[in-house]
Amino acid sequence: MSARLSIRSYTRTMHAHAHDYYQLVLPLQGAIEITTAGASDRVGPGRCVIIHSGTEHSFAADERARFLVADLDELPENMCSLGTPFTNISSPLLAFCQFVEYQLQHSHNPDLNREIGELFVSLLAEEPFQAQYDPRISRVLEHLQQDLASTPSVPELAAIACLSLSQYKTLFKQQTGLSTSQFLLKLRMDKARALLAHTDYPVSIVAEQVGYTDLSAFSRRFSEHFGQSPRQFRG
């Protein structure tokens, strides 16, 4: 499965139409006012609009705003069950979208563009979409992901969510199935594994980037999480 990708700008004049394919609108700069499937929102970078086939939608945006638009014949399975047309995307996916913008603006190679479209769909299929989370918890997750080397206190995170401490703890566990410390550990271990697999950083630097100043503590946590030490994983 591939996506047909293009970079578009719109105008402040409200337009409305429908089409017989699925479409994703991902802001790269600026925001878009859009209504689809009975819901309206103002969507900026770091978010995605999902427009279903045959669904009328209306939209307007500043002329200087830019968007990556993906036309698809079908949606990846993990996007089909989202209960809203508006979802967050991860920082890595946003960075890929920015790369696509640069590529499309500087090269026209149909074969390469098709391969980029296939890779885009593959990344979508692996994306941990957060539309299912309560917006208050989404704010917390975004905060945690911004700097995995820091360890914000639970009261600090509760304040970000605008909840009392007990409300925050209950809602976070309901939404994610994990406590804050368990969720942060998972984020850190997944990031550490990616750094070990795709960089030549020393293990000590990887440990520091995910919040561990004690290398032995990091190695122990990694081994408990993945069943092998960082050095064994790297081979």
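Annotations for the structure displayed:
- Test result for Phe233, surrounded by fewer than 18 Cβ atoms within 10 Å (Cβ to Cβ) and either in contact with a Gly (Cβ under 6 Å, 6 or more places away or on another chain) or aromatic (Phe, Trp, Tyr) (or both): yes
- Residue pairs meeting the criteria (Cβ under 7 Å; at least 6 apart or on separate chains; first touching a residue at least 40 places away in the same chain (Cβ under 8 Å), in the stretch 156-179; second surrounded by 13 or more Cβ atoms within 10 Å (Cβ to Cβ)): Gln175/Tyr133; Gln175/Asp134; Gln175/Ile137; Thr176/Phe183
- Any hit, the stretch 194-203, residues being without any contact (Cβ under 8 Å) to a residue 12 or more places away in the chain, under 21 Å from the mean Cα position of the chain (by Cα) and more than 20 Å from Pro135 (Cα to Cα): yes
- Residues that are free of Cβ contacts under 8 Å to residues at least 12 places away in the same chain and open to solvent by 80 Å² or more (accessible area, probe 1.4 Å), drawn from the stretch 215-230: Arg220, Glu224
- In the stretch 1-32, the qualifying residues are those that are of a type in the set (A, V, I, L, M) and more than 18 Å from Pro76 (Cα to Cα), and the one that is least open to solvent (accessible area, probe 1.4 Å) is Ile32.
- Helices (runs of 4 or more DSSP H) within the stretch 82-152 that include 3 or more residues open to solvent by less than 30 Å² (accessible area, probe 1.4 Å) and within 26 Å of Arg8 (Cβ to Cβ): 91-106, 110-126
- Being without any contact (Cβ under 8 Å) to a residue 40 or more places away in the chain, open to solvent by 40 Å² or more (accessible area, probe 1.4 Å) and of a type in the set (Val, Ile, Thr) is a property that Thr35 has.
- Restricting attention to the stretch 203-214 and to residues that are small (Gly, Ala, Ser) and under 15 Å from Arg193 (Cβ atoms), the residue that is least open to solvent (accessible area, probe 1.4 Å) turns out to be Ala207.
The values are calculated or read from the model by the stated rules, or taken from the named source; none is laboratory data. Small disclaimer: the values here were computed from a predicted structure and weren't measured. Every residue, glycine as well, gets a Cβ built from its backbone with ideal geometry; the counts of neighbours run over all protein chains shown. These accessible areas exclude ligands, DNA and RNA; they are computed on the full protein's heavy atoms, side chains included. Shrake-Rupley method; radii C 1.70, N 1.55, O 1.52, S 1.80 Å.
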